[in-house]
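Below is one structure, written out as structure tokens, with a few remarks after it.
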Amino acid sequence: MEKLALSDLLHIKHPIIIAPMFLVSNEEMIIAGTENGVAAAIPALNYRSTELLREGLKRMKSRAKGPVGVNLIVNASNIYVEEQLKICVEEGIDFFITSLGSPKKVIEAAKAKSIKVFCDVTDVEYAKKVEALGADAVIAVNNRAGGHAGRIDAKTLITSIKQAISIPVISAGGVGTKKEMDELIAAGADGFSIGSVFIASHEAGVSEEYKQACVNYGEKDIVMTSKLSGTPCTVINTPYVKEIGTEQSWLERFLNRNKRLKKWVKAMTFYRGMKSLEKAAFSATYKTVWCAGPSIEHVKSIQSVKEIIDKLVSHE
């Protein structure tokens, strides 16, 4: 593949990060990614405690053949962020991906240890802010990303951010083939954060039903729901999702507008939604909600991480 800025930043063969996916990313996926020329990241919240996070980082650092990163949620919903940050710095991870808040403290702590910091952004203004704070790159989350998607299409987002800042722009969302990567490289992408196509990997620790759903469903089956976390999130439109709908009820909307209750209602919605995703990820029932992005259109079978990477970088 063409050598891009991300390859130089992380000293990797292919300019790809296996994106951190809540509950889906695990240590085997991370290790497999680093063994095949890419970087990989895991959400800190995939570990049930900060001590388990430390133990996991030690295991991965001892086995990894390339850079290992950690995704930190840096807003008030993550009450463990300061301890997670401290542990990641102490264990010497290679890079952070920050989401949903100000990365200021993460950047300050990381710089002292020469750890790279990449910040999720969905618009030009936020990209400018994190560059000013000292971020090493931005991850431009577009409107085809899995999970919490942005609002702007990939090409527009990349070109507008490239014109506004001087640090690398990593594209996140909707990519599942070499052709799609080449199109965004032409638009100025300096690398890619790719997640959904790796859900249906042998290494992923989720249920076989979740993996098979990524094979059976496609781009047209991805819908946005606000019922999981209070923030719009992409899920597979299963019969159960169709039954419960994708919009919050009138009571949930009313409570979310109440200034005194809004903070607590959002916290409760987020907690309830995350528990729902956790149950769905590791078991299959009628009441299943699976998070994924439109790039599952390109998932035709359950494969190894190596096979998925080979397909992404191949000209075939």
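The values are calculated or read from the model by the stated rules, or taken from the named source; none is laboratory data. Source: prediction; values computed, not measured. Glycine also receives a Cβ, built like all others from the backbone with ideal geometry; neighbour counts cover every protein chain displayed.
With the requirement that a residue be in contact with a strand residue (DSSP E or B) (Cβ under 7 Å, 6 or more places away or on another chain) and farther than 12 Å from K306 by Cβ, what does the range 27-42 give you? Of everything in the range 27-42, those that are in contact with a strand residue (DSSP E or B) (Cβ under 7 Å, 6 or more places away or on another chain) and farther than 12 Å from K306 by Cβ turn out to be I30, A39, A40, A41, I42. Taking the range 28-44 as the range and being crowded, with 20+ Cβ neighbours inside 10 Å and outside any loop (DSSP other than H, G, I, E, B) as the test, the residues that pass are M29, I30, I31, A32, G33, T34, A39, A40, A41, I42, P43, A44.
Per-residue answers, yes or no, for (1) modelled with pLDDT under 95; (2) part of a helix (DSSP H, G or I):
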| position | (1), (2) |
| --- | --- |
| R48 | yes, no |
| E55 | no, yes |
| R59 | no, yes |
| G66 | no, no |
| N71 | no, no |
| N78 | yes, no |
| L85 | no, yes |
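Could you please let me know if K259 is at pLDDT below 95, over 19 Å from G147 (Cβ atoms) and in a loop (DSSP other than H, G, I, E, B)? Here the answer is yes, as K259 does meet what is asked.
Residue by residue, here is whether (1) under 16 Å from A292 (Cβ atoms); (2) under 18 Å from the mean Cα position of the chain (by Cα); (3) assigned by TED's automatic domain parsing to the domain that holds L23 holds:
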site: K162; (1), (2), (3): no, no, yes
site: P168; (1), (2), (3): no, yes, yes
site: S171; (1), (2), (3): no, yes, yes
site: G176; (1), (2), (3): yes, yes, yes
site: D182; (1), (2), (3): no, no, yes
site: I185; (1), (2), (3): no, no, yes
site: G191; (1), (2), (3): no, yes, yes
site: G195; (1), (2), (3): yes, yes, yes
site: F198; (1), (2), (3): yes, yes, yes
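Here is a yes/no grid of residues against (1) aliphatic (A, V, I, L, M); (2) farther than 22 Å from G218 by Cβ:
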residue	(1), (2)
A135	yes, yes
V141	yes, no
R144	no, no
A154	yes, no
A172	yes, no
G176	no, no
K179	no, no
A186	yes, yes
I194	yes, no
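With respect to being charged (D, E, K, R), in contact with a strand residue (DSSP E or B) (Cβ under 6 Å, 6 or more places away or on another chain) and at pLDDT 95 or above, D94 fits the description.
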